[in-house]
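Asks: Supplied in C-alpha cells, the structure appears directly below.
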Amino acid sequence: MLLASVAATSATLSQQADSAYMTEDYATAADLYKRSLAEEATTPDTYYNLGNAYWRNGEAGNAIISYERALRLDPSHEDARTNLQFVRTKIQDLPEDDSAFLSNLHDSITSWMTPNAWAWTAFVLFLAVAGMVALYIFSSGVMLRKTGFFGGIVLLCLCLYSIIVAAQTASAPHRHDEAVVVVPTTLLSSTPKASQGSADKVVAIHEGTKVQVVDSVMAPGVEGAEQWYDVKINNSTRAWLRAKDVRRI
C-alpha cells in the first residue's frame, strides 16, 4: 500500500491523467489534465489530450475549446486540427463560413508553423534581403542588378509577412475574443434579456458552436443581473446570448 502511494505521488499529473484515460476513466483524466496545465506546464499536447478526454466523456464543447487552445499554442499541431475537424462534423450546428478567400488563405498559411518557426523564417528572409541588396550594389552586370533589385523587393515582402504571421501566432494564446457553447442548447436573442416579447427574435444554437465575442453587458435576469455577450456567429449573423452558456477559448 505504501509503495503504491509513493509511486502515485512520484508520477506527474500528466502521467496520472494518461493512466486514467487508458482505463477509460475520462472524467478523472480530464480533471488531471486540467491540473497538469495549471500546475506543471501549458503545452499543446496536454490541451490535445484534454480535448480527447472531454470528447470521450461526451463534452463536445469543452473538447473543441481544448483543441482550439492547442492550436493557438502550436498552429501546426496536426492531431489537434484533425480531431477538431472531426468533432465539428458531429455537432448539431455548423454555421456557414462566409469569410473572404484571402482571409481563409491567411488562416491556412498561419497553420504551417509555430510562432518561433515563423520568426526564424523572417530572420532568414531578412538575411536573404541583405544578400539581394549587396548583389544590387556590388554587381556590374545588368541582369544581376535586376535580380538583386526585384528579388530584394519580393523577399522583403515575404519577410514582412512572416513577421506579421509570427506576431499574430505568438499573441493568439492571449486572445479571448472567441467562445464555444458548452451547454446542450442556448438561445440567440435580439436583445440582452431573459424574458422575450413577441417582437424579439430568438434562435436556438447548440453545444460546440463557436462565436466571436464583440461586447458584453450586465442585464436583468431571473436571479438578478447576469452577463450577456454580444456575439457574431459569422460575418452576417450577430445576436446576444447568456455568458454562462459559453466558455471563452
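Asks: Within the chain, what's the longest run with no GluC sites (Glu not before Pro) in a DSSP loop and at most 11 other beta-carbon atoms within 10 Å? Give the range, please.
Replies: Here the longest segment lacking exposed loop sites spans 97-222.
Asks: Hey, another quick one. So if I restrict to the alpha-carbon atoms in the stretch 7-75, what is the Rg, and what is Dmax, the biggest pairwise distance, in Å?
Replies: Computed over the Cα atoms of the stretch 7-75, radius of gyration and Dmax are 11.2, 35 Å.
Asks: Can you give the extra length, in nm with one decimal, that the chain gains between Gln85 and Arg35 once fully stretched, where that is 0.36 nm per residue apart less the Cα-Cα distance?
Replies: Difference between extended and current length: 15.4 nm.
Asks: Thinking of the stretch 84-183 as a set of Cα atoms, what percent of all their pairs are more than 21 Å apart?
Replies: 55
Asks: Tell me, what are the semi-axes, in whole angstrom and largest first, of the equivalent ellipsoid of the stretch 22-134 as set by the roots of 5 times the Cα gyration tensor eigenvalues?
Replies: Gyration-tensor ellipsoid for the stretch 22-134: 34, 20, 8 Å.
Asks: Another question about this same structure. How big is the C-alpha Rg of the stretch 57-104 next to the rule-of-thumb value 2.2 N^0.38 Å, as a ratio?
Replies: Compared with the compact-globule rule of thumb, the stretch 57-104 sits at 1.24.
Asks: Follow-up. Could you report the chain's accessible area per residue, 1.4 Å probe, as an integer in Å²?
Replies: Ligands and nucleic acids excluded, the result is 58 Å² per residue.
Asks: For Val202, Val142, give me the order by solvent-accessible area with a 1.4 Å probe, most accessible first, ignoring ligands, DNA and RNA.
Replies: Val142, Val202
Asks: Ok, one more. Ignoring ligands, DNA and RNA, please state the percent of accessible area on the chain from carbon and sulfur, probe 1.4 Å.
Replies: Result for the chain: 60 percent of the exposed heavy-atom area is carbon or sulfur.
Asks: Number of Lys pairs in the chain with C-alpha atoms less than 25 angstrom apart, excluding same-chain neighbours closer than eight positions?
Replies: The result is 16.
Asks: Over 17 Å apart: what share of the alpha carbon pairs of the stretch 116-249 falls there, rounded to a whole percent?
Replies: Summing the P(r) tail past 17 Å for the stretch 116-249 gives 69 percent.
Asks: Which of these values of Kirkwood radius over Cα pairs in Å was calculated from the structure shown: [x] 22.1; [y] 17.9; [z] 21.3?
Replies: [z]
Asks: Take every Cα pair under 8 Å in the stretch 102-179 that's 6+ residues apart, average their separations, divide by the length, and report that relative contact order as a whole percent.
Replies: 39 percent.
Asks: Please report the net charge: other residues with Cβ closer than 12 Å to the Cβ of Val182, K and R +1, D and E -1.
Replies: That sum, taken over residues with Cβ under 12 Å, equals +2.
Asks: For Val87, what accessible area in Å² do you get when you roll a 1.4 Å probe over the heavy atoms of the protein chains, rounding to the nearest 10?
Replies: Accessible area, nearest 10 Å²: 0 Å².
The values are calculated or read from the model by the stated rules, or taken from the named source; none is laboratory data. Just so it is clear, the model here is predicted, and its values are computed rather than measured. So basically every Cβ, Gly included, is an ideal-geometry build from the backbone, and we count neighbours across all protein chains shown. These area figures cover heavy atoms from the full protein model, side chains too; ligands, DNA and RNA do not enter into them. Shrake-Rupley method; radii C 1.70, N 1.55, O 1.52, S 1.80 Å.
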